[in-house]
Each structure stands twice: as C-alpha cells, then as structure tokens.
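**Q** Please see the structure below; I have some questions.
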Amino acid sequence: MLHVLQFSVWLLKLPSRIPIWKQREQVGCSPCGSQASKARCIRATCMERSNNFTHEMECRVLSIQSHVVRGYVGNKSASFPLQVMGFEVDSINSVQFSNHTGYAHWKGQVLTADELHVLYEGIKLNNVNHYDYVLTGYTRDTSFLEMVVDIVQELKRANPNLVYVCDPVLGDHGSMYVPQNLYPVYKEKVVPVADIITPNQFEAELLTGKNISTEKDAVEVMDLLHNMGPDTVVITSSDLPSRLGDRFLVSLGSQRIVRPDGTFSTQRIRIEVPKVDAVFVGTGDLFAAMLLAWTHHYPTDLKTACEKTFSVMHHVIQRTISYAHEMAGPGRRPSPPQLELRMVQSKADIEDPAIVMEATVL
C-alpha cells in the first residue's frame with residue numbers, strides 16, 4: 001500500500017502538460033492551407049514540453065490497412081517503420097490473414113464496414129480519437145472505403161490540420177485488380193479529402209482520365225490531381241524512358257504549397273529508380289508510410305522527402321533480395337517466404353538512410 005501511495009504522490013508532482021490537440025490553439029496554426037502548412041503545424045504541435053523534460057515526436061497516426069500474421073504487408077509494413085521514426089501508430093486491420101495472398105495458401109478474416117464503425121466508435125467514446133495523420137492502403141469493398149472517408153472527415157473536423165495519406169490502390173500495367181465499383185469512390189470521395197496520394201502511372205491516369213506518354217503529360221496529370229484535392233502527389237512508377245537506361249524506371253512528384261496570401265507555388269521532381277527482377281509484396285505500403293514520415297520532417301521540401309523515402313526503399317529491397325537469393329541458392333528463383341521484406345534488419349536504414357538516389361527538380 002505504501003508503494004501505491006508513493007507512486008500516486010509522484011504522479012501528482014508531475015508538471016501539467018497540455019494535450020497535443022489543444023496545443024494548436026497556442027502555436028497559432030491556421031486550420032486551413034496546404035498539406036505543407038498543415039505538416040508545419042503538426043511539427044510544431046508534435047512536441048510536448050514541460051518544465052522538467054521534453055517529449056519529442058508525440059505524433060499519432062491512424063493506419064487502416066491489412067494485417068498478416070507472417071510477413072510484411074499493410075499495417076505490418078507501415079507500423080514498425082513509423083514507430084522507428086518516432087510516430088505513435090494506432091492500427092485498424094481491414095483484413096487479418098495468415099500471410100499475403102501470393103503464397104500457395106492463406107486463411108483469415110475480412111473486416112466489414114460495420115465492424116470498422118464499431119472499432120472507431122470505441123475509440124471515440126473514450127475521447128482518444130485525436131490524430132495528426134491517417135494512412136490508408138488496399139481495400140476491395142466500397143462500403144468499407146466510404147466508411148473510411150466518413151472517419152477521415154470526422155477526424156478533420158476535430159483537427160483541421162490532420163494530414164491524410166492515401167495510396168489509391170486500383171491496379172497496374174493497364175488492368176484493375178480491385179472491383180470496378182471502387183473507382184468512382186476513390187475519384188469522387190477519397191481523393192478529394194486526401195492531402196498526399198501515391199498512385200502509380202495507371203492509377204494516376206485512371207483518376208484523371210489523361211494518358212501519360214511524356215514528362216509534360218505527367219506534370220499535367222499531377223496538376224489535375226492537385227485540383228481534385230491533394231497538395232502532394234507522387235507517381236511511384238511510370239513507363240517513361242529513364243535517362244539512365246532501361247534498367248531504371250521513372251517516378252515523379254509534385255507539391256503545391258499555398259502561401260498566406262492565397263497564391264501557391266509548386267515544386268516538381270523526377271527521380272530515377274533502379275529496377276529489381278523480383279516480385280515484392282508490401283513495398284507500396286512501406287513507401288506510403290515513409291513518405292508520410294519524411295514529408296513530416298521536410299514539409300516544404302518534396303525533393304529531400306522523396307530522396308529519403310526512395311533511399312529507404314532501395315536499402316530495404318536490396319537487403320531483401322540479397323537474403324532471398326542466398327536462401328534460394330544458385331540458379332533458383334526465391335519463394336514468397338524468402339522475399340518477405342527484411343524490415344527489422346533494415347531498422348538503421350529506415351531511421352537514417354544513406355541517400356543513394358537524387359531527385360531532379362523540374
């Protein structure tokens with residue numbers, strides 16, 4: 001009993017601290033503006049200070065993605081890297097599978113829209129639905145996706161500076177791998193409330209109705225996506241010819257920054273990414289998480305944020321492919337278990353990546 005009383009007295013002596021979601025009122029953050037200005041505000045308020053000690057990076061992310069018991073995809077790909085970077089991550093698992101569906105066998109459950117609503121209501125009833133970021137990825141159900149939009153909108157009403165990072169997973173290489181009825185939901189409801197999106201070329205073309213054949217086309221597509229809502233757009237991969245040869249693919253990014261007077265400036269970048277002869281699962285989820293983290297640290301510098309993000313991807317993939325080939329043996333193609341991302345082993349590269357890819361400002 002004495003120990004309990006002593007502990008209670010110690011708690012009473014702790015200096016009072018203002019909740020993060022209240023601090024914004026004190027740092028003069030505007031409840032509007034571009035994703036970059038929101039991120040600057042988040043950076044200012046993701047630091048709780050007291051008289052005796054400082055807690056850095058008290059930023060909280062709500063990540064609504066898939067979960068696997070074995071391997072790395074969805075929340076398993078996003079949570080650990082974000083936590084390593086200092087973010088608190090609250091995960092809602094849209095599915096819970098034994099492993100990703102690239103294996104010969106998989107088992108598991110799928111979360112319904114009603115079940116998602118129940119989980120969110122539990123968070124809300126406890127008054128802990130205060131987030132700086134929301135992160136979403138792959139889903140196959142329209143009602144679930146619409147519920148995600150409802151949650152994002154409610155969270156943004158509570159915190160106008162919240163940044164929503166969305167990977168609009170629709171398909172690749174000219175074909176969709178989600179039901180067709182998800183397309184209008186993404187175009188009309190999801191993208192307009194997103195602040196950062198990470199489509200591939202096919203998804204960017206699908207959302208805008210414009211084909212990309214040249215760099216100029218890509219810039220116009222990113223501008224169209226800006227006009228739909230997001231201030232930051234990164235086309236993660238494209239079929240554009242690389243200046244470094246056919247062993248590289250081209251990624252492009254654009255960030256629109258709104259000035260206090262209402263005008264805006266746009267930074268556009270291009271980055272050449274080495275191709276890898278292997279099929280990985282979970283890399284898109286890792287990419288979106290790392291872009292969230294590095295745009296948080298560089299809210300008005302898309303070039304640096306992308307260099308950091310793509311460099312993390314390079315290090316993780318290279319470590320994974322080296323391990324996979326070693327495990328498979330000479331002349332044998334690695335199996336799905338051997339190609340699971342070497343996430344824990346890449347902790348140092350996630351925290352402080354050596355820059356191995358430099359972006360060009362367009």
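The values are calculated or read from the model by the stated rules, or taken from the named source; none is laboratory data. Remember, predicted model here, so these are calculated numbers, not experimental data. Neighbour counts run over all protein chains shown; Cβ positions are idealised from the backbone, glycine included. Ligands, DNA and RNA are stripped out before the accessible areas are found, and what is left, the full protein with its side chains, is counted by its heavy atoms. Shrake-Rupley method; radii C 1.70, N 1.55, O 1.52, S 1.80 Å.
**Q** Answer with yes or no whether VAL250 is in a strand (DSSP E or B) and under 17 Å from TYR164 (Cβ atoms).
**A** Working: in a strand (DSSP E or B): yes; under 17 Å from TYR164 (Cβ atoms): no.
Judged against the criteria, VAL250 is not a match.
**Q** What are the residue pairs meeting all of these: first residue in segment 323-342, first residue touching a residue at least 60 places away in the same chain (Cβ under 8 Å), second residue open to solvent by 90 Å² or more (accessible area, probe 1.4 Å) and of a type in the set (Val, Ile, Thr), Cβ atoms under 8 Å, and 6 or more apart or on different chains?
**A** These pairs meet every condition: LEU339/VAL279.
**Q** Let me ask something else about it. Restricting attention to strands (runs of 3 or more DSSP E) lying wholly within segment 93-194, give those where 3 or more residues are under 21 Å from SER79 (Cα atoms) and open to solvent by less than 40 Å² (accessible area, probe 1.4 Å).
**A** 133-136, 163-166
**Q** Here are the criteria: (1) assigned to a strand (DSSP E or B); (2) surrounded by 17 or more Cβ atoms within 10 Å (Cβ to Cβ); (3) not β-branched (Val, Ile, Thr). Tell me which single one LEU291 does not satisfy.
**A** Looking at each condition in turn, LEU291 falls short on (1).
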